[in-house]
Structures are given as C-alpha cells and as structure tokens.
1. Only one of (1) modelled with pLDDT of 95 or more; (2) crowded, with 18+ Cβ neighbours inside 10 Å; (3) farther than 24 Å from Thr35 by Cα is not met by Tyr102, so which one is it?
2. Mind checking whether some residue in the stretch 135-155 is in contact with a strand residue (DSSP E or B) (Cβ under 9 Å, 6 or more places away or on another chain) and surrounded by 15 or more Cβ atoms within 10 Å (Cβ to Cβ)?
3. Taking the condition of being out of contact with any helix residue (DSSP H, G or I) (no Cβ under 8 Å at 6 or more places or on another chain), more than 15 Å from Glu78 (Cα to Cα) and among the charged types (D, E, K, R), how many residues in the stretch 111-142 meet it?
4. Taking into account only those residues within the stretch 82-92 that are of a type in the set (S, T, N, Q) and either part of a loop (DSSP other than H, G, I, E, B) or under 15 Å from the mean Cα position of the chain (by Cα) (or both), which is surrounded by the fewest Cβ atoms within 10 Å (Cβ to Cβ)?
5. Might you check whether a residue that is in contact (Cβ under 8 Å) with a residue 40 or more places away in the chain, of a type in the set (Val, Ile, Thr) and not in a helix (DSSP H, G or I) occurs anywhere in the stretch 33-48?
6. Inspect the stretch 65-78 for any residue being farther than 13 Å from Cys131 by Cβ, assigned to a helix (DSSP H, G or I) and open to solvent by less than 30 Å² (accessible area, probe 1.4 Å) and give the result as yes or no.
7. Name, by its number, the condition in (1) within 24 Å of Lys63 (Cα to Cα); (2) open to solvent by 30 Å² or more (accessible area, probe 1.4 Å) that does not hold for Arg110.
8. Looking at (1) at pLDDT 90 or above; (2) surrounded by fewer than 20 Cβ atoms within 10 Å (Cβ to Cβ); (3) under 23 Å from Ile31 (Cα atoms); (4) touching a helix residue (DSSP H, G or I) at 6+ places or on another chain (Cβ under 9 Å), which is the one condition that is false for Leu51?
Amino acid sequence: MASSLYKSKTVQLIKCFCGCSDMTVEEVQRIYTLTNSVQQTLLDSDARRLLHRFLELNRSGDKNEVEQYLDIYEKCFEYLQEDQRTFTQDEIDELCDLGLPYDLEQDLTRRARNGQRTEINLGLNRIQGKCRNKIEESGSFKDFRNAILAKMRNVPK
C-alpha cells in the first residue's frame, strides 16, 4: 500500500485591479515588495503588467504622461532584447508615436546614425532611465503601491 505525501492545500487568490486574473497572495506580496523600487518593479514583467492595468483603470480619457512613459520604457526594453535586429528610423518613429520627448528623440537619432549597436543601446538605456525617473516622480506610482497594500489588507487572515 503506497502512502501519499501529497497534502491538499487551499490557495487563496486575489483579483487583479481589473478583475481579469487571479493572483496568489504570495504573488501580490512579491509585487508589493518590488514596489519599494520603481526600477525593480519595471524589471518584473508581472509587476509592469499590473502597473499598466492600474493606470488604465484610473485613467479618464486619453493615456496620461505616466502611461506614455511606461509604454516607451517597455518598447525600449523590447528593442534592447532584439540585439541582432537592425535599428532604423522606423523604431525611433514608433517611440515618437508613443510620446518620446524631442530631446531624447534627437539623441537616439544621432546614436542610430552612428550605426553602432552599443551606442544605440546606450541611448535606449538613457531613455529608460528618464522614463523610470518620470514614473517615480509621479504620484501614480505611489498610488499603485498603496492600492496593492489596500488589496492585501482586504485578504482575510
């Protein structure tokens, strides 16, 4: 007769801000811990997705500046992952369509003309840094962190 070491465990789930997905309490706590640092939050795809959903739900009308900076940050992240792909004016135009500020556009254009991928990557990293700073300066990120904390407080112990 085989004995089972398997024990049933109830997993408590919390709804995402929009109610589209369930997350474990541990996952919500992990993301809350990441929000101690904007940088750590932006590096984590689940935390970024949750921040996006939070910003979308709290929007009235068009995307706000923080959402635009988050979109630009993510697009730069995507470009940085595609290291073998040729970087062209089309990519710069796509960033401009997302709301890339003019000074950053000019810097990236200058770097892209050089054609060196390391220069382009430095420009993309610079853009990400500026976006991260703008997100951090906004009250929206603090509101996001507080909203996660409020969700965790509503979880029965």
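The values are calculated or read from the model by the stated rules, or taken from the named source; none is laboratory data. Quick caveat, the model's predicted, so the values are computed rather than measured. Don't worry about glycine lacking a Cβ; one is built from the backbone with ideal geometry, like all the others, and counts go over all protein chains shown. Only protein heavy atoms, including side chains, enter the accessible area calculation; ligands, DNA and RNA are left aside. Shrake-Rupley method; radii C 1.70, N 1.55, O 1.52, S 1.80 Å.
1. (2)
2. Of the residues in the stretch 135-155, the ones in contact with a strand residue (DSSP E or B) (Cβ under 9 Å, 6 or more places away or on another chain) are 151-152, 154-155.
Narrowing further to those that are surrounded by 15 or more Cβ atoms within 10 Å (Cβ to Cβ): 151.
The answer is yes; a qualifying residue exists.
3. 3
4. From the stretch 82-92, those of a type in the set (S, T, N, Q) are 84, 86, 88-89; that's our starting set.
If we keep only those that are either part of a loop (DSSP other than H, G, I, E, B) or under 15 Å from the mean Cα position of the chain (by Cα) (or both) too, we end up with 84, 86, 88.
On the way: Gln84: 5, Thr86: 11, Thr88: 10.
Only one residue fits best here, namely Gln84.
5. Yes: one or more hits.
6. no
7. (1)
8. With (1) at pLDDT 90 or above; (2) surrounded by fewer than 20 Cβ atoms within 10 Å (Cβ to Cβ); (3) under 23 Å from Ile31 (Cα atoms); (4) touching a helix residue (DSSP H, G or I) at 6+ places or on another chain (Cβ under 9 Å) applied to Leu51, the lone miss is (2).
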